[in-house]
Structure formats: structure tokens, C-alpha cells
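What follows is a set of notes on a single structure, which appears directly below.
The values are calculated or read from the model by the stated rules, or taken from the named source; none is laboratory data. None of the values given here were measured: they were computed from a predicted structure. Cβ atoms come from the backbone with ideal geometry, glycine included; neighbour counts cover every protein chain shown. Ligands, DNA and RNA are excluded from the accessible area calculation, which covers all protein heavy atoms including side chains. Shrake-Rupley method; radii C 1.70, N 1.55, O 1.52, S 1.80 Å.
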Amino acid sequence: MKTMDLQELEKRFQEKIDKEIKIEPNDWMPDEYRKTLIRQISQHAHSEIVGMLPEGNWITRAPNLRRKAVLLAKVQDEAGHGLYLYSSVETLGADREATIDDLHSGKAKYSSIFNYPAVTWADIGTIGWLVDGAAIMNQVALCRCSYGPYARGMVKICKEESFHQRQGYESLVTLCNGTPEQKAMAQDAMNRFWWPALMMFGPSDDESPNSAQSMKWKIKRFSNDELRQSFVDATVPQAEILGLTIPDPNLKWNEATGHYDFSPINWDEFWQVVNGNGPCNKERIEARKKAKENGMWVREAATAYAAKRSMKKTA
Amino acid sequence: MKNEALYNYVLHMGDDSLVLGQRLGEWCGHGPILEEDIAMTNISLDLIGQAMSLLDYAAEIERQGKDHDALAYLRFENQYRNVLLVEQPNGDFADTMMRQFLFDAFRKPLYEKLTASSDAQIAAIAEKSLKETRYHLKHTSEWIIRLGDGTDESHDRAQKALDNLWRYTNELFYETEEAKSLVMAGIVPPMSEIKILWKQTVEAVFTEATLVIPTNNWQFEGGRRGVHSEHLGYLLAELQYMQRAYPNMKW
Amino acid sequence: MSNKEWPLWEVFIRSKQGLNHKHVGSLRAADATLALENARDVYTRRSEGISIWVVESNYIHASDPSDADSFFEPSDTKVYRHPTFYEVPDGVKHM
Ligand SMILES: [Fe+2]
Ligand SMILES: [Fe+2]
Ligand SMILES: [Fe+2]
């Protein structure tokens, strides 16, 4: 292809984006746009799947049958989200199993939050409230992403997500109105999950080099810091209603900006966890690898059966 | 108690659903294929829903002001009345599918008959549960056929699962003396009828799956009398953990 | 087809009587039967459908209408999958 053509194609592509016309799988798109999306969507898919593990580990211990059913349905939804996202990644020509292998080899990343342990029942409510809450903040913005299949997947996911946050909050309301032990359990969970939840929005804008291009392509609509600020602003009053203290002595309302001020984030911890040194990185990846390995013979069995049957049909 | 025989019958059905639902819940996040992770969670959710209805009804018959959670969480091991089959560990995907298939093939005809129960509440629970169970049986039958008639490895695994679990199947049809009074009253069907229907299903599916029913017919029983395998204690330790560690709290 | 990978199926769902089947996404399955069952579990957990089609290359397979009640009704009673099932105190915003 001649250089002129490529420039022309890129120009037309950007014009479509600027006019808010969605890009569909068979449309021409710059290689870098495709690569960025494959990376982002598969990372998002991996986060949904790895995210099943900390909560999944409490399904057998849920304190009553209603909570057990709710948690099962919630974690099951995350599996569904992973699937929707893998299917939108496949529209870009990527292969689901290959992207999963990248996760298992450590080449692909996922949300750092899932490398923290869920050690008490209050962690389950807190994850629903803060972690799903932060995810929703991100995902609502992605519903307007320029890539059609991703944006549509996000619309479906966002509809399902709203129950995730509410069930978590409801569970915390029960704990915070319960016995002193229950309230203390909730506060302890808050202390451990607050900062990792804020880290979910990713590095600050000045440390996030790919952001500008993603914004121009409308893959992203808001910067990491903007989304993080919206999350803090929405969450602080919710914590007040619960009567929980946010573990940040510098958190306070700023009349001038109309936002809450908060302490700087410990980015050292963030990068350590992203790069494999979180408390549960190894267990999470091991669990997913084991699931895939244990599934190989099942896959092969169904494939072999389908082949035998179609041979019988044609015979 | 108004009707002890009815209480025990509803309780044993509730316990079967509860314990099997709990077992399937262990797969969540670890399923061999993402699509099957979702499918197993769905079956688990159905079973837990059934357990809630059945245990609520048992509590109502018992008239001691309990609810499904009091029964599910606060009994001792020897007070659980589930069959041994459902408490067996998940093992691999073949073990789990085999356990589920053997159970579904029993539960479907049982619910079919119970929709005609002279007890209106049982009939209503059966009506709703039957729809769920028909789907479970369809799904597990499809998998038993694929595993049995798939690769050599899957065939061996499925056959091994059948060999291991077969000895727990006769207990499905265990009928207590007191249950006979319920049969007389038209509340529940005789287990001999269910067994005939169960046998037809499993034989048809195993034939298609090229699996062989074990000739060793030594059978275990005990669950219906509260005598369990070693596995149930661990399952209950997890199930009951919160209620035992933090008694009398709302969650 | 590689030995290990299942083929990809496109899933179409009719949400109500009188409406068209609508494409909702895709999944992987070894054959049409499993593709339909997986589509039911993945794409109709909230009673989103009354009929499913899955398509692999040129073939279309539709779900069995006689299965409709055991396919879809069980999710009717799972109200806990909807946010309105949860009570949130007055004054809580953005949820
Ligand atoms: Fe998420
Ligand atoms: Fe999600
Ligand atoms: Fe979620």
C-alpha cells in the first residue's frame, strides 16, 4: 500500500471517530488502534476471570443461603463478563486461548486489585461496594468507546454490574448495623481495600503515556485521575452513611474545587503488585493455569465426539 | 410436630439439594472451561434455591419457629439426611458430571411424580424444580455421552467415575418405614416406581456413552439415617463456619 | 480446526414473541448442542430470551421450542440478580 493511501485512510478513520461513528470489526483501522484494543480488552477480560477467585473462595462459607445464592450469581456474572469480552477481542482477530496463554505466562496483565486476599466475610461486601464500584466508574465511560463490539459489550456488562455494587453495599449495611464485631470486621475490610481500590484507575495522568492517543481515538473518554476523583467523590458520602472511616487523614472536602482532596497514592506498592509481587499473584495465576490444564482433556473429548458424529452423518 | 414422616421426607430432599449445591459451588472460578463454569454455577444456584424452598417447608412442618438457614446451618452432622452420593468430593470433571447425572436421573422422575402430590406445597415446589431438573439432566446426559464416547482418556475417566459412584446409587431409593405412610396417603410416590424410570434413563445414556455399568453390586447406604462418609464433616465445616464462629448474628 | 480449540459460534436471541432474533455475542463450543446450552447459560441468565439460534459458518441451529419452560423459567425466580432486589438506605447516591 502506498504511503499516501495510508495517510488518507488514517485521516478518514479519525474523521469517523470525531463524528462519533462507531468502528466495526471489518472497517479499516490503524494497526496501533487494533493492538491497543486487543491489549486493553483482553486485560479487561482477564480481570473479570481472575476477579472470580477472591470472591469465589467465600461461596462455600457464605453466612446464609440468600447470601450464598447472591454471591454465586455475582461471581457467575463475572465469568459471563469475561466471556463477552473475550468474544469482542476475537472480533479483532485475536484468539481467546492465545490471549489466555499470555495471561498465564505473565505477559498479559489484569487488574492489580485481585492480587489482594479476601480474608473475612466483610471483604466480600467491600469488594462489591468498592471494587465493583470502581469498575463501574470505568465501564460506564467505556460504553461510549469508539469500537462498536467493545462499547456494546460494556452496555450489557454495566446493566449487570449495578446489582454487584448494591449487593455489596447492602451486605455492609447489615454489618455496620450489627454487632460491634461485625462493624469492626467491616472497618478492617475498608482499611485494607480503600487504597487498592483507588489504584484500580491506574497510574496518574502524567505517568500514563498511552492515554493521550487513547483519548484521541475515543477508546478512553476520561483520564485515570478524572475517574479516580469521581469515584472518591461518589464514595465518601456512602462511607459516611455506613459510619465507616476512610483510612486517609488528609481526606477532606475542598470547597474551591468542589471535590474531595486525598493523600497521594503509594505508587511503589502499585507497581510491585502489577509486576508480580502482590500477596496473591502466584496463587491467582496458578489457579487459572490449573483450571485450563484440567480442562484440556474435556475440550478434546467434546471435539473428538463432534468429529465422530459428523463422520457418522456423512457416512 | 404435625407430621414427622413428612418432615423427614422434605428434610432429606432439602439436604440432598443443599449438599450438592454446596459441592458444585466449589467449582466456581475453577471450571475446566469458562462456559462450563457458568453452567455448573447455574445448576448450583438452582439446587440452593430448591434447598431454600424445601427447608423452609420442613421448618414450617416442624413448627419450632426455624427457617431454612437454621436447618441448613445449625444441625450436627448426623442430623443431615442427604444421600452419600451428593456429599462425595468433586474429583475431576468426569466425577462431578457423573455424580450429577446419576442424581438428576433420579430427581427428574421424583419431581414428575411429586407434581401430583396430594400435598399442595410439595406439588408446587416440584412443579418449579422439575423445570430446572429437566435441564440439568439434559445437560449432564450430553456431557456423559461426550466424555464416554470422546477420547480414550475421557472414556477412562468417565468409566472410573461410574465405577466409583455406582455403589452409592441404590441409596437414592431408600424408603423408610414411615415414608410408606406418605405413599399410602398419596403424598409421595413409591421409590420402586422411581427406580424403574431412573434405570431406563441411565441405561440408555450409558449405552450411548459406551460406558459399562459395574457388575459389583455391593451398595453403601447410611445418609438417610444420618450415617455419613468422612467427606461430609469437612463440607459442613465450611458451610457452617460463619454461623458457628459468630452465633446469633444477622448477615 | 485445531484439535484443542472449539469452533466459535455466533449467538442470536429472540427476546420476546414477535421480535427478531438479535445477535448478542459469541462463544466457543464443540458442537451445536453444547453451543445452545452454553448460550442459554451465558446469555439468558436474566430471562433475556425465549429462543436461541447459534450459527457456525453456514449452518443455523435453533433451540427446541418444546424446551422453552425448563430453559427460561428457572431464572424468573432469581430476583437477586437485579439491583432492585437490594435495599439501600435513603440518601445513598450514585448506585
Ligand atoms: Fe468487572
Ligand atoms: Fe464484571
Ligand atoms: Fe462485577
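For the residues of A:161-168, the average number of beta carbons from a partner chain within 10 Å of their own beta carbon is 5.
Rounded to the nearest 500, what is chain A's calculated 222 nm mean residue ellipticity when only DSSP H runs of at least 4 contribute -39500 (n - 2.57) each, over all residues?
Details: 13 runs with 208 residues, N = 315.
Rounded to the nearest 500, it is -22000 deg cm²/dmol.
Between C:E87 and A:K107, what's the calculated FRET efficiency when r is the beta-carbon distance and R0 is 35 Å? Round to 0.05. FRET efficiency, C:E87 to A:K107: 0.20.
Set the Cα radius of gyration of chain B against 2.2 N^0.38 Å, with N its number of residues, and you get 0.98. The protection proxy used here, the mean number of other Cβ atoms lying within 10 Å of each residue, ranks peptides A:227-236, B:90-99 as follows, highest first: B:90-99, A:227-236.
Between B:R75 and A:R34, the simple spin-label model (points 7 angstrom out along Cα→Cβ) gives 6.0 nm.
Between B:T210 and B:D156, residue separation times 0.36 nm minus the direct Cα-Cα distance comes to 18.4 nm.
Please work out the average accessible area per residue across the protein assembly as shown, using the 1.4 Å probe convention, and give it in Å².
Value for the protein assembly as shown: 41 Å² per residue.
Per residue, the convex hull spanned by the Cα atoms of the stretch B:91-146 measures out at 63 cubic angstrom.
Of the residues B:G233, B:F76, B:P214, the one whose Cα sits farthest towards the positive end of the charge dipole of the stretch B:4-245 is B:F76 (charges of +1 on Lys and Arg Cβ, -1 on Asp and Glu Cβ, taken about the Cα centre).
Grab the DSSP H runs of chain B that are 4 residues or longer, score each as -39,500 (n - 2.57), total them, divide by all residues and round the 222 nm result to the nearest 500 deg cm²/dmol.
On the way: 10 runs with 167 residues, N = 251.
Estimated from H runs of four or more residues: -22000 deg cm²/dmol.
Check each of the chymotrypsin sites (Phe, Trp or Tyr not before Pro) in the stretch B:122-230 and keep only those in coil by DSSP with at most 11 other C-beta atoms within 10 angstrom; list them in order. Mind showing how you got there, number by number?
Working: sites: B:Y135, B:W143, B:W166, B:Y168, B:F173, B:Y174, B:W198, B:F206, B:W218, B:F220; in loops: B:Y174, B:W218, B:F220.
Qualifying residues, ordered by number: B:W218.
Neighbouring Cβ atoms from other chains, within 10 Å of the Cβ of residues in B:129-138, number 4 on average.
For C:K22, the residues whose modelled amide H falls within less than 5 Å of its own, excluding neighbours fewer than 5 places apart on the same chain, are C:I13, C:R14, C:S15.
Estimate for me the total accessible surface buried between chains C and A (protein heavy atoms, probe 1.4 Å, no ligands or nucleic acids), in Å² to the nearest 100. Show your work: numbers first, answer last.
Working: alone 7210 and 16470 Å², together 20560 Å².
Interface area, both chains combined: 3100 Å², rounded to the nearest 100.
Note on surface exposure: A:T99, A:T257 rank A:T257, A:T99 by accessible area, highest first, 1.4 Å probe. Counting only residues at least eight positions apart within a chain, or on another chain, the lysines with an alpha carbon under 19 Å from that of B:K66 are A:K68, B:K2, B:K250. Charged side chains reduced to their Cβ positions (Lys and Arg at +1, Asp and Glu at -1) give the protein assembly as shown a dipole of some 720 debye around its Cα centre. Within the stretch A:76-113, whose backbone N sits under 18 Å from a point 7 Å along Cα→Cβ of A:Q272? What the label zone holds, given the 18 Å backbone N cut-off, is A:112-113.
Simple rule: put +1 on each Lys or Arg Cβ and -1 on each Asp or Glu Cβ in the protein assembly as shown, find the dipole, and look at B:P89, A:P247, A:G133; the Cα lying farthest toward the positive end is A:G133.
Partner chain Cβ atoms within 10 Å, averaged over the residues of B:40-48 - can you pull that number for me? Don't jump to the answer; show the numbers that get you there.
On the way: counts 2, 12, 11, 2, 6, 12, 5, 0, 7.
The shielding value for this peptide is 6.
Taken across both chains, chains B and A shield about 4100 Å² of accessible surface from a 1.4 Å probe. Each Lys and Arg Cβ is given +1 and each Asp and Glu Cβ -1; about its Cα centre, chain B then shows a dipole of about 600 debye.
Which loop trypsin sites (Lys or Arg not before Pro) in the stretch A:1-108, with loop taken from DSSP, have no more than 11 other Cβ atoms within 10 angstrom of their Cβ? If you can, show how the numbers build up before the last one.
Working: sites: A:K2, A:K11, A:R12, A:K16, A:K19, A:K22, A:R34, A:K35, A:R39, A:R61, A:R66, A:R67, A:K68, A:K74, A:R96, A:K107; in loops: A:K2, A:K19, A:K22, A:K107.
Within the stretch A:1-108, the qualifying trypsin sites (Lys or Arg not before Pro) (loop, at most 11 other Cβ atoms within 10 Å) are A:K2, A:K19, A:K107.
For the protein assembly as shown, what are the per-bin percents of Cα-Cα distances with bins 20 Å wide, up to the bin holding the maximum? P(r) for the protein assembly as shown, in whole percents per bin: 18, 50, 28, 4, 0.
Run through the stretch A:1-59 and list the GluC sites (Glu not before Pro) located in a DSSP loop whose Cβ has at most 15 other Cβ atoms within 10 Å. Write out the running numbers ahead of the final one.
Values: sites: A:E8, A:E10, A:E15, A:E20, A:E32, A:E48, A:E55; in loops: A:E20.
Hits after loop and neighbour filter: A:E20.
Report, to the nearest whole %, how much of the accessible area of the stretch B:4-245 belongs to carbon and sulfur atoms, 1.4 Å probe, protein only. Provide the component values of the computation, followed by the final result.
Values: 4490 of 8660 Å².
C and S fraction of accessible area: 52 percent.
Ranked by solvent-accessible area (1.4 Å probe, protein heavy atoms only, all chains present), the residues C:D31, A:D188, A:D206 order from largest to smallest as A:D206, A:D188, C:D31.
Heavy-atom accessible area with a 1.4 Å probe sorts A:T120, B:T169, largest first, into A:T120, B:T169.
Of all DSSP beta bridges confined to the protein assembly as shown, the antiparallel ones make up roughly 95%. Between B:Q121 and A:D248, the FRET efficiency from the beta-carbon distance, with R0 = 56 Å, is close to 0.55. Temperature 10 °C, viscosity 1.306 mPa s: under these conditions the Stokes-Einstein estimate for chain A, based on its Kirkwood radius over C-alpha pairs, is 75 µm² per second.
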